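Working notes, beginning with the structure itself.
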Amino acid sequence: MTRTALGSPESGGVASWRTVATEAPDLAERAEALLGARTHKTIATLRRSGAPRISGIEVVVVDGDLWIGSMPGSVKAQDLRRDPRYALHSGSEDPPGWTGDAKVAGRAEEVHEAEAKRAVARASSAPEGDAASLAAMELFRLDVDELVVVDLGDPPDHLVVTSWHPGRGVERRERR
């Protein structure tokens, strides 16, 4: 799979999921566990008017990248083509079963390569399907300019907010 450079941490650009996992392995692992805890997540995109749009989405990690796919003609895909900024939320359980949230924000890049579409289809809950349906899949790689994981502290009387940004690394805050 080829990759278009969208920037680097040094230039204030976005980073691949692989970069996040390399620079902040514990945080990326925790985020992947939260993202993988439920099939459906929520993604925010921007409408033509600039207003936010919330959509359900599935996310997979394949070959060190974070991916989403959608059906042909979806409004979220149209939004991302017009303005690639997104915000993704892992979803969460209601208290007292709540174990944490992962939030990722950055820019999406559309990918048309058949190899990438096959790999993502195999890794997701969607069937790979025939060549025509695979070709019609709208596929986006999610690059990251912010990762945030919110957990309960120990003791569980406060929140721990751990974040990563390109060029800044990992930061941890407690909220009481």
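Of everything in the range 1-30 that is in a loop (DSSP other than H, G, I, E, B) and modelled with pLDDT of 95 or more, the residue that is nearest to the chain's Cα centre (by Cα) is 16. Taking the range 61-97 as the range and being farther than 19 Å from residue 146 by Cα, aliphatic (A, V, I, L, M) and in a helix (DSSP H, G or I) as the test, the residues that pass are 75, 77.
Looking at the structure I just gave you, is residue 141 open to solvent by less than 50 Å² (accessible area, probe 1.4 Å) and not in a loop (DSSP other than H, G, I, E, B)? Spell out how you get there, then give the answer.
Working: open to solvent by less than 50 Å² (accessible area, probe 1.4 Å): yes; not in a loop (DSSP other than H, G, I, E, B): yes.
Answer is yes for this residue.
Any idea which of 33, 126, 114 is of a type in the set (A, V, I, L, M) and at pLDDT 95 or above?
Working: 126 fails: at pLDDT 95 or above; 114 fails: at pLDDT 95 or above.
Going through 33, 126, 114 in turn, just one is of a type in the set (A, V, I, L, M) and at pLDDT 95 or above: 33.
The values are calculated or read from the model by the stated rules, or taken from the named source; none is laboratory data. Keep in mind the model is a prediction, meaning the values are calculated, not measured. Heads up: the accessible areas ignore ligands, DNA and RNA and are worked out on the full protein's heavy atoms, side chains in. Shrake-Rupley method; radii C 1.70, N 1.55, O 1.52, S 1.80 Å.
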